[in-house]
1. Just to confirm a number: summing +1 for Lys and Arg and -1 for Asp and Glu over residues other than Asn77 whose beta-carbon lies under 14 angstrom from that of Asn77, what do you get?
2. Below 15 angstrom from the Cβ of Ala116, what's the summed charge of the other residues (Lys, Arg +1; Asp, Glu -1)?
3. Would you mind pulling out the separation of the Cα centroids of the stretch 36-73 and the stretch 110-157, in Å?
4. Pick out, in residue order, every one of the GluC sites (Glu not before Pro) in the stretch 79-171 that is DSSP loop and has at most 13 other C-beta atoms within 10 Å; say none if there are none.
5. All other residues with a Cβ under 9 Å from the Cβ of Val44 taken together, and with Lys, Arg as +1 and Asp, Glu as -1, what is their net charge?
6. Quick one: dipole size for the stretch 55-158, taken about the Cα centre, charges +1 on Lys/Arg Cβ and -1 on Asp/Glu Cβ, in debye to the nearest 20.
7. If one puts a single equal scatterer on every Cα of the stretch 19-171 and applies the Debye formula without solvent, what log₁₀ I(q)/I(0) results at q = 0.18 Å⁻¹?
8. Of all accessible surface on the stretch 31-169 at a 1.4 Å probe, what whole percent is carbon and sulfur?
Amino acid sequence: TVAPTAEPSETAEATKSAEPKPTNPVKANVTISTEKWREGKIVVRGEGFVSNAPGRGAIFAVKFLDAVPDNAHQAINPLTKKGGNSPANFMAIANEDGTFEVEVPLPTTENTGLSAEDLAKAGWATENSEHNVQILSGSLGGADEQGKNYDRGVSIRQLIKLSDKAPEYAP
């Protein structure tokens, strides 16, 4: 005979969700599509960007690490209506379930304050140029009375290549 294995009880699960940190339904994950880069944007999709704050997911930022904006051009936090604690190219709020899909404008002189020469040196308009993108959340959403961040702390870095997806041909 096989001994029965202990299953976690539902009360144990309920207790876990009452802890003062965001629930963790899925591992935080991000995918970045460059198929619209010729239109001046990338499509960023995420999941697991949850928050303990009622009615919203985590506030997240997107940074192009070789074209981070100056303070005058940084993205504005949609909750505080101020810049973040370090310049980001884009900020938004995830859905309450922790998912999001956003179109993020690629770096330009107008949205970064960087010179056209600096952006060209980094290859921002060049086919097959590679760029490090960081998507992060945590302190942007504020803290509760105990000083704990409402939003799940996430920092994901991905290398993107500015190229179009290969067309799919029907047989």
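The values are calculated or read from the model by the stated rules, or taken from the named source; none is laboratory data. As the structure is a prediction and not an experimental result, all values here were calculated from the model. Positions of Cβ are backbone-derived with ideal geometry, glycine not excepted, and every protein chain shown enters the neighbour counts. The accessibility values were calculated without ligands, DNA or RNA, using every heavy atom of the protein model including side chains. Shrake-Rupley method; radii C 1.70, N 1.55, O 1.52, S 1.80 Å.
1. Values: positive: Arg56, Lys63, Lys81, Lys82; negative: Asp151.
Net of charged neighbours comes to +3.
2. Working: positive: Lys121; negative: Asp66, Asp70, Glu110, Glu117, Asp118.
Cβ neighbours under 15 Å give a net charge of -4.
3. What the calculation gives is 7 Å, centre to centre.
4. Details: sites: Glu96, Glu101, Glu103, Glu110, Glu117, Glu127, Glu130, Glu145, Glu168; in loops: Glu96, Glu127, Glu145, Glu168.
Loop-located and lightly packed - Glu96, Glu127, Glu145, Glu168.
5. On the way: positive: Arg45; negative: Glu101, Glu103.
For residues surrounding Val44, the net value is -1.
6. Working: 8 positive and 14 negative charges, 69 e Å.
With only Lys, Arg, Asp and Glu charged at Cβ, the dipole is about 340 debye.
7. The Debye formula, applied to the Cα set alone, gives -1.03.
8. On the way: 3430 of 7170 Å².
Carbon and sulfur: 48 percent of the exposed surface of the stretch 31-169.
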